[in-house]
Amino acid sequence: MTSAAPILQVRDLLKTFGAVVAAKDINIDVSKGEIVGIIGANGAGKTCFVNMVTGYLAPTAGSIVFEGTELVGKGPREVTHAGISRSFQVSQVFHSMTVEENLRIALAIAENRGVNALRLMESDALEAKCSDVLRRYKLEPHKHMTVSVLSQGIRKLLDIAMAVVSEPRILLLDEPTSGISVEEKFDFMDVVMGALKEDNVTVLFVEHDMEIVERYVSRVLAFYQGEIIADMAPDKALADNKVREFVIGKRH
Amino acid sequence: METFLTILLDGLQFSSYLFIVSAGLTIIFGVMKILNVCHGSFYAWGAYTAAFFIGKFSDMGLPDALGFLIIIAAAIVVGVVLGLIIEQGILKHMYHRDEVLIVLATFGLFLVLEDIILIAFGTDPYFAYQPMALLESVEMGGVIRDVYGLTLIGVATFVAVGCWLLLNKTKWGVILKAVIFDREMGISMGINVPFVYTLTFIGGAILGGLGGAYIAPTISVAPGLGTEVIVLSFAVVVVGGMGSIAGAAIGSLIIGLLRALAVHELPQVELFVVFAVMAIVLVFRPEGLFAPAKPRKI
Amino acid sequence: MTKSIIAGAVGLAAISAITFGAGVAQAKDSITIAVPSFLTGGAAGPFGIPAMNGAKMVADAINKGALPAPYNTKGFGGAVASIIELDEGGGGTKQVAEYRNLVEKRNVDAVVGYISSGNCQALAPVVEELKQFTIFATCGTPRIFEEAPRKYLFRTMGHATADNVAAAMYVKEKFPNLSSYTGINQNYAWGQDSWRDFDLTMKQIMPGATASDKFQFPKVFVGQYGSEISALSLDKAELVHSSFWGGDLESFIFQSSARGLFKNKIGVMTVGGTAAYRLGKKLPNGLIIGARGPYGILVKDRDTPLNKWFIETYKNIYGIYPSGPAYQYGQAILAAKIAYDKAGSDATDEQLADALRGITFESFSTTIEMSLGGGHQAVTENGYGVTKYDDENGENVVTDVKFYPGSCVMPPEGVESVQWINGGMKGAKC
Amino acid sequence: MLRDTTSKVVLFGGIAIILLGAIMPNWIVNQLMFGFSRALAILGLLVLWRTGLVSFGHAFYFGLGAYTVAIVDIQLGVTDVFVRLFGGAIIAGIAGFIIGFIMRNYRDIFFAMLNTAISMVLYGIIVKTESLGSTDGFAISLPTIFGIAPETKYPLFIIITMIAMISALLINFYLKTTVGRLTTPIRDNEIRVEYLGFSVAHAIHLKYTISAVLAGGAGALMAMSLGQVDPDSMINWTVSGELVFITILSGPGNVIAPFIGSLVFEVLRTYAFELAPQAWQLIVGATFLTVIFFLPGGIWSLIAKLGRKKS
């Protein structure tokens, strides 16, 4: 798995907020097709890492190379253009619009970059793509509903669906199952991971729920106090002493 | 030396005037995020009320010294009555709406209040020179100055120190600062935000009324005097940083002193001073010299 | 307050009646005259309202045939005039739009009024474009009839040049040894023209006196002159010229008299006349004031039947002496009557203009010769006096009143004001 | 581009108004010219407002357009209606583009107020400069059309109506493009828009520039139809307030709304002034408040309601 040339290379990443060190000595290689779970206690630096990779936060030092391009110094929009998308812990969608409208605008932006943004937005091709995404993410029943009235789970699905319409090569999911009930979480993840597999996307996701980690990921990164303390297969990681103590610890 | 002293006094006097009229505007903005266009109406109503009663009392043969009481009373009455009516009657029902709509509503109110002044007080100007005449004049630096004008500096200092003490030395100040920094946080801390809003608006209105009432004895109180004040106080607030009392003070001083300097040394450019300062600040620091801190919202 | 509400309601009703009636009245036993004046803003009290009062009083008397001879015939060419009151505030552009409405929508027969030079400047081309018989009553800029020949537009009083040339002459007479002078004027056409004409005339007739380089031009309607008064106090100049008017004038007089500015300096206020009746004891003694012509306090003692009628009637109705603007609007309405009497109540705008062009007539306080601008611009005498508070009667009076004939203070036909002054005022008959 | 109902209404309505103009009394033609001229600025404000941005200072661009006409007339003797119009629109557009670099970083009340501040600087400069006409402003000579000086206002009226039609059609089209649709999304969630790969700053900059061009064109047309410019009627903060008021009065629903709203305002002001010369501000102000409270969707929401009832 790690034999292929890495698609994402993170080197010596450092992020400090004044005296607080939020991330330190982060070195990761991610290969195409991997599904990586990022675990760690609250404040361990997981979301900070996601924010740095996706251009929301500028690292204090270090480099992030994606498909040979340096991402440090780029903003969210440029990172998206480079081919990395993300979802959010609290879904970031257009709450006063319907599900369908949300997807339509996301698709239109992905299709019409630059001057093309001055073309008519609606087209048959766009409608076709839109219904395809609605189908794959099982959003069809809700398509005419305004987002603000929908449940957290549907919003999260929409959030992820909007992130992938730009056909990214890497997708970062920030706690996809947070806010979703225990009964629904596997169904939810099945929909998401099934759809992502079709698109052949490399996925990194932050997760608290070890059941989810065990079931879906091929590799685990464990964060503790801004540093990576373990980078291994999930079965090993969950058995690892350090991981058990600092990450899972008192939870289980 | 004579010229220098005169410029300094002229500048301080004009700065004081600017500060008194802009303090209320910036307080209301800071706490409520409302650009209160009818601040000009508070000013005009303060001036009219004071001038009307100073004239009436003088006609009745009462001592002119009462004029100072009238000025304070006029500011408080105008602030409380108009402030309460406008905040409770109109603005309270709009806090869930767009801030800009609230600005527009205050603009509508401004137009209405302007014409109500005409209906209530008529078009004839009022004169309330008695307090100014009472304090007579002194010679300073080769120039005769009216003492009344100099007391303006005292009033402005009083207002500035009062605001500082209120904000920094009282429990109220803590509450206000919490609401200024983040309204939601204020609510979650259990602060009665609507009540804070009402009091703030009344407080700002009193300051607006005080500006007008205190200036009334030195001018001919005539219709339309509120329009000019909005422009000036807005300029001060933009230069100082919207919502900052310290900013309003510094903004007033910069504009006031520079203007006095221009009047004495280069009268041709006097007219540009306010706008030149404003333009420079806008280009280099669009948020003003003392922009209050803002919470991160993500 | 109730009274003003009732008055407002009655006025409203009257105006709506006029508005709806206007379209129907074809028989010309009645005409409508629009009278724009400042009804709101700082200029309303000292200027706009007295002006409107003067116009209404004279129109009313004409409708009743109550004016003294030779104007004791009833009506405007026999027709009864109704007055439409209009606010002049809001700037020239708004006035242009309103003027178009007056002419094209409300179909008024004549427009008589306007105080602000800015408004007159903006309206002059529109008057000609719409071919509407119009008389400017008060506004002062000389440019109106110097810029272009006018056909339908008239002005029944002298322009700013006369005010300031007369002021300089009066100063020369009273203070022949004056060594220096300065000024404070509003920063727009009126103030700038006034200062320019005064300054240029002084250079011509009193070359020994020098102008200060620190003359002040505050913005109009500011009302706060603390720094300016300090600067004027420190200035070595012996005389201060000002064309302030309305609320600004009164604020300036308050602030400067509290600071004793005119204890050491001579003050010349070209529009000071309006303040004389209003400020009473607050007006400093010894100010040189004008009234933009022979009006108001300057002609209080003129004993002609027309003037006596004007002062008495005005005092009866409004309780105070008429100031300059009342006279100026009154005489403009009178000019409209003369035109209508001559051309008939159903006359076209062209015929009305022909009737007024170039005539000479007796107005309430003076003789008006429509002799400049191709017979469209009036020439009148212009005068100044010195203020003095009369303790006995508790009112202000003016002493040392001196009038200069129109031909002495205004340029002859075809010569622009500035050129005329710079050329040494050739042809002036003093 | 012309297939939807709105475009058809604009097209046929515009032609009908042009034809009717030939037989309407002059004062109505005047009101239509003023209304349509001002409506262009409102159209621009509508583009901003849909994105949640309200500028309390667009009199800056309105005045810039008007004063451009005055200055090219007086300094260069340019009388051609199109040169003046495009001159005004382009100058305002360039200014809007430059100022847009500052404005695109601000939202809500700060956006509104910074615009006010900038408009006041221009107001202050013009009021205080004699060569720019000071408070008096300038009279503008009658425009010519391809070298011909028209006898009546009718040709100018046709041009204004056609410019209004073209602008309405273009904005109607723009609102259906991808960037034109970025209205509610920007209001709802800027972060998401950025992560979808669109620069919010660029989108707002474009909208701001469009609104500046339209306001400049509006000012230029207004100056020509009135024949006069002055700072109090063109640049003062009260003018900006009026523009925002008409925008709210019109409602954001449709590109036709600004034209209806402007005409309603024109009529309201004319009659308020006629009925109560001393209290017309009160009438206008009270109407402001009434609309804000009882008609939040503007006049267009009434029309839309009528339309729904019928169908």
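Among A:GLY75, A:GLY43, A:GLY114, the largest mean-square fluctuation in a Gaussian network model of chain A, built with springs joining Cα atoms closer than 10 Å, belongs to A:GLY114.
How much of the DSSP beta bridge set in the range A:68-215 is antiparallel, as a percent to the nearest 5?
Working: 1 of 9 bridges.
So the antiparallel bridges amount to about 10 percent of the total.
Taking the protein assembly as shown, the Cys residues with no second Cys beta-carbon under 4.7 angstrom are A:CYS48, A:CYS130, B:CYS38, B:CYS163. Note the angle between two axes, namely the Cα long axis of helix C:324-343 and the longest principal axis of the Cα atoms of chain C, as a number of degrees from 0 to 90, rounded to the nearest 10. The two axes meet at around 40 degrees. For the pair A:GLU227 and A:GLU70, the difference between a 0.36 nm per residue extended length and the Cα-Cα distance amounts to 54.4 nm. Comparing C:GLY375, C:GLY158, C:GLY226 in a Gaussian network model of chain C (Cα springs below 10 Å), the most mobile by mean-square fluctuation is C:GLY226. The calculated FRET efficiency for A:LYS143 paired with A:LYS242, based on their beta-carbon distance and R0 = 35 Å, is about 0.15.
Since only D:ASN26, D:TRP237, A:LEU238 are under comparison, the one whose Cα sits farthest along the positive direction of the charge dipole of the protein assembly as shown, derived from C-beta charges on Lys, Arg, Asp and Glu, is A:LEU238. Placing a pseudo-label 7 Å from each Cα along the Cα-to-Cβ vector at D:VAL83 and C:ILE320 gives an inter-label distance of 5.2 nm.
With respect to chain A, whose longest principal axis is taken over its alpha-carbon atoms, helix A:185-199 is tilted by about 80°. Bridgeable lysines around D:LYS207 (alpha carbons under 23 Å apart, same-chain partners fewer than 8 residues away excluded): D:LYS176. Among C:THR367, C:THR156, C:THR304, the largest mean-square fluctuation in a Gaussian network model of chain C, built with springs joining Cα atoms closer than 10 Å, belongs to C:THR304. Here the dipole of the range C:365-430 is about 420 debye; that uses its Cα centre as origin and unit charges on the Cβ of Lys and Arg (positive) and Asp and Glu (negative).
Taking a ≥ b ≥ c as the square roots of the Cα gyration tensor eigenvalues, with a/c under 1.5 meaning rounded and otherwise prolate when a/b beats b/c, else oblate, which class fits the range D:5-236?
It comes out oblate by the Cα gyration axes.
Centroid-to-centroid, using Cα positions, the range B:218-293 and the range A:204-252 are 60 Å apart. Helix C:305-318 and the longest principal axis of the Cα set of chain C meet at an angle near 90°. Evaluated with a Cβ-only charge set (Lys, Arg +1; Asp, Glu -1), the range A:93-166 carries a dipole of roughly 240 debye about its Cα centre, given to the nearest 20.
With +1 on each Lys and Arg Cβ and -1 on each Asp and Glu Cβ, and nothing else charged, work out how big the dipole of the protein assembly as shown is about its Cα centre, in Debye to the nearest 20. Provide the component values of the computation, followed by the final result.
Details: 100 positive and 109 negative charges, 293 e Å.
It works out to roughly 1400 debye.
Note on B:ARG285 and C:ALA69: their simple-model spin labels are 7.9 nm apart, each label 7 Å out from Cα toward Cβ. What whole number of Å gives the distance from the Cα centroid of the range A:84-149 to the Cα centroid of the range C:116-151? The distance from the Cα centre of the range C:116-151 to that of the range A:84-149 comes to 62 Å. Cross-link partners of A:LYS129 among lysines, defined as those whose alpha carbon lies under 18 angstrom from its own and excluding same-chain residues fewer than eight positions apart: A:LYS138, A:LYS143, A:LYS197.
Between C:ARG302 and A:GLU183, the simple spin-label model (points 7 angstrom out along Cα→Cβ) gives 10.0 nm. Shown is the FRET efficiency for B:LYS92 and D:ARG308, computed with R0 = 56 Å from the Cβ-Cβ distance and rounded to the nearest 0.05: 0.95. If R0 is 51 Å, the Cβ-Cβ spacing of D:ILE28 and A:GLU211 corresponds to a FRET efficiency of close to 0.10. Each residue of the range D:31-46 was assigned a 3J(HN,Hα) from its phi angle through the Karplus expression (A = 6.51, B = -1.76, C = 1.60, θ = phi - 60°), giving 4, 5, 5, 4, x, 5, 4, 5, 4, 4, 4, 5, 4, x, 5, 4 Hz with x at Gly and Pro. Only beta bridges with both residues in chain A are counted; by DSSP, about 55 percent of them are antiparallel. The trypsin sites (Lys or Arg not before Pro) of the range B:192-298 that meet both conditions, a loop assignment by DSSP and at most 12 other Cβ atoms within 10 Å of the site Cβ, are B:ARG296, B:LYS297.
Shielding value for B:221-232 is 6, the average number of Cβ atoms from other chains within 10 Å of each residue's Cβ.
If a/c stays under 1.5 just call it rounded; otherwise compare a/b with b/c (prolate if a/b is bigger, oblate if not). Do that for chain B, with a ≥ b ≥ c from the square roots of the Cα gyration tensor eigenvalues.
Details: a/c = 1.75, a/b = 1.25, b/c = 1.40.
Because a/c hits 1.5 or more and a/b fails to exceed b/c, chain B counts as oblate.
Each of B:LEU62, B:LEU165 has some number of other Cβ atoms within 10 Å of its Cβ, and from fewest to most they run B:LEU165, B:LEU62. What shape does the protein assembly as shown have by the C-alpha gyration tensor, where a ≥ b ≥ c are the square roots of the eigenvalues, rounded means a/c under 1.5, and otherwise prolate means a/b greater than b/c and oblate the rest? Prolate, since a/c reaches 1.5 and a/b exceeds b/c.
Of the GluC sites (Glu not before Pro) found in the range A:168-213, those that fall in a DSSP loop while having at most 13 other beta-carbon atoms within 10 Å are A:GLU183, A:GLU184. Taking the charge dipole of the protein assembly as shown about its Cα centre, with +1 at Lys and Arg Cβ atoms and -1 at Asp and Glu Cβ atoms, the residue from D:TRP280, D:PRO296, B:SER233 reaching farthest to the positive side is D:PRO296. Normalising the average separation of contacting C-alpha pairs (under 8 angstrom, six or more residues apart) by the number of residues puts the relative contact order of chain B at 37 percent.
How high is the relative contact order of chain A, given as a whole-number percent (alpha carbon pairs under 8 Å, six or more residues apart)?
Values: 445 pairs, mean separation 66.7, N = 252.
Relative contact order of chain A: 26 percent.
Residue pairs exceeding 32 angstrom between C-alpha atoms, taken from A:LYS15/B:LYS33; A:LYS24/B:LYS33; C:LYS282/C:LYS402; A:LYS24/B:LYS171; C:LYS151/C:LYS315; C:LYS265/C:LYS300: A:LYS15/B:LYS33; A:LYS24/B:LYS33; A:LYS24/B:LYS171; C:LYS151/C:LYS315.
Restricting the calculation to Cα atoms, the range A:93-166 yields a radius of gyration followed by a Dmax of 11.9, 36 Å. Taken one residue at a time, the phi angles of the range B:76-82 give Karplus couplings (6.51, -1.76, 1.60, θ = phi - 60°) of 5, 4, 4, x, 5, 5, 5 Hz. Gly and Pro are set to x. Projected onto the charge dipole of the range B:27-225 (+1 at Lys/Arg Cβ, -1 at Asp/Glu Cβ, origin at the Cα centre), which of B:GLY67, B:THR170, B:GLN88 gives the Cα projection farthest towards the positive end? Going by the Cα projections, it comes out as B:THR170. Computed over the range C:135-266, relative contact order equals 25 percent, with contacts defined as Cα pairs under 8 Å that lie 6+ residues apart.
Laboratory data are not the source of any read-out in this text; all were calculated from the coordinates shown. Given the structure is predicted, the values throughout are model-derived calculations rather than measurements. Reconstructed Cβ throughout: ideal geometry from the backbone, glycine too, with neighbour counts over all protein chains shown.
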